[in-house]
Amino acid sequence: MSVRRLAPPELQPKEFSFTPENLAWAKQQIAKYPEGRQQSAVIPILWRAQEQAGWTSQKAIEYVADMLGMAYIRVLEIATFYTMFLLAPAGKKAHVQVCGTTPCMLRGAEELFRVCRKRINHEPFHVSADGNLSWEEVECLGACVNAPMVLIGNDTYEDLTAASFEKVLDGIASGKPVKPGPQIDRQFSAPVGGATTLKTVKA
């Protein structure tokens with residue numbers, strides 16, 4: 001797990017502001033909170049800023065802080081704590097977050113890292129040669145029973161092998177993504193091979 005810092009100055013945009021539509025949306029979020037509690041809207045508003053720009057820049061952090069009357073350092077603390085906020089330019093088609101916590105590592109996450117280094121870039125937080133993909137290692141993504149797994153956008157891809165992960169990346173590259181969830185024959189986090197108990201119900 002690397003230290004999370006803002007992208008270097010040469011990658012930072014000179015300004016950031018919401019589109020009129022996003023500004024109206026942000027004001028609606030702020031209005032949900034009672035007077036004096038508007039700062040509670042910081043995460044959804046920062047997330048919308050990232051969705052607009054593709055990543056979370058220093059100017060976006062400062063813009064959100066000004067909007068909510070917060071010190072810059074407070075919003076920076078949030079952006080650097082949560083790995084959902086991308087602190088450097090990301091791939092145009094996808095940013096891949098590979099879980100590197102113990103269950104995933106025990107079940108083959110290192111193979112997924114090798115695929116990322118080969119297919120995307122040898123180093124995390126760098127985009128691929130075509131600019132479409134980027135990747136990073138993150139801590140627990142909450143699907144330990146389906147380890148190893150990755151998060152791409154809002155979707156998780158679980159029970160991965162190097163081969164099935166390659167197919168996930170192929171689908172993204174071609175614009176025909178594979179179905180999210182387990183990449184083996186299992187329903188969500190149900191036992192592999194199906195149920196072994198409570199198969200019949202007595203009348």
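A short reminder: the numbers here are calculations on the coordinates, not readings from a lab. From a predicted model like this one, the values you see are computed outputs, not experimental measurements. As a convention, Cβ positions derive from the backbone with ideal geometry for all residues, glycine included, and neighbour counts pool all protein chains shown.
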Most positive-pole-ward Cα, 84, 22, 196, against dipole of the chain from beta carbon charges: 196
What FRET efficiency, computed as 1/(1 + (r/R0)^6) with R0 = 41 Å and r the Cβ-Cβ distance, is obtained for residue 167 and residue 74, rounded to the nearest 0.05? 0.45
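Can you order the peptides 107-115, 189-197 by their average number of other Cβ atoms within 10 Å per residue, highest first? Don't skip to the end; give the middle numbers.
Numbers: 107-115: 18.1, 189-197: 9.6.
My ranking of the peptides, most packed first, is 107-115, 189-197.
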Peptides ranked, highest mean first, by Cβ atoms within 10 Å: ranges 152-159, 89-96: 89-96, 152-159
For peptides 6-13, 78-85, 24-31, sequence by mean Cβ density within 10 Å, most packed first: 78-85, 24-31, 6-13
Expressed in angstrom and rounded, the centroid-to-centroid distance over alpha carbons for the stretch 79-118 and the stretch 123-139 is 8 Å
Can you work out the Karplus-derived ³J(HN,Hα) for every residue in the stretch 150-162? Use 6.51 cos²θ - 1.76 cosθ + 1.60 with θ = phi - 60°, whole Hz, and x for glycine or proline. 9, 10, 10, x, 9, 10, 9, 10, 10, 6, 8, 10, 4
How far apart, in nm, are the 7 Å Cα→Cβ label points at residue 84 and residue 31? 2.3 nm
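About the Cα centre of the stretch 79-140, how large is the charge dipole given +1 on each Lys and Arg Cβ and -1 on each Asp and Glu Cβ? Please answer in debye to the nearest 20. Could the numbers behind the result be given before it?
Details: 7 positive and 7 negative charges, 48 e Å.
Result for the stretch 79-140 is approximately 240 debye, rounded to the nearest 20.
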Name every cysteine in the chain that ends up alone, with no second cysteine's Cβ under 4.7 Å, or say none. 116, 140, 144
Theoretical gain in end-to-end length, residue 66 to residue 196 [0.36 nm per residue, Cα-Cα removed]: 41.2 nm
Along the stretch 57-64, what does the Karplus equation 6.51 cos²θ - 1.76 cosθ + 1.60 (θ = phi - 60°) give for ³J(HN,Hα), rounded to whole Hz, x for Gly and Pro? 8, 4, 5, 5, 4, 5, 4, 5
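Can you give the helix-only mean residue ellipticity at 222 nm for the chain, where every DSSP H stretch with n ≥ 4 adds -39500 (n - 2.57) and the sum goes over all residues, rounded to the nearest 500 deg cm²/dmol?
On the way: 7 runs with 74 residues, N = 203.
Roughly -11000 deg cm²/dmol at 222 nm, from the helical runs in the chain.
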Among (1) 15.8; (2) 10.6; (3) 11.9, only one was calculated for this model; which label is it, if the read-out is mean projected area of the Cα convex hull in nm²? (1)
With the dipole of the stretch 94-177 worked out from charges on the C-beta (+1 for Lys and Arg, -1 for Asp and Glu) around the Cα centre, which of 106, 150, 120 lies farthest toward the positive end? 120
Holding the Cα-Cα limit at 24 Å, pick out from 32/93; 92/179; 32/179 the pairs that are longer than that. 32/93; 32/179
Ordered by residue, what ³J(HN,Hα) values in Hz, to whole numbers, does the stretch 96-102 give under the Karplus form 6.51 cos²θ - 1.76 cosθ + 1.60, where θ = phi - 60° and Gly and Pro are x? 9, 10, 9, 6, x, 7, 3
Compute a Gaussian network model of the chain, connecting alpha carbons closer than 10 Å, and tell me which residue from 123, 21, 137 fluctuates the most. 21
Pull up all non-local amide H partners of residue 135: gap of 5 or more, or a different chain, and H-to-H distance under 5 Å with H placed in the peptide plane. 96, 125, 126
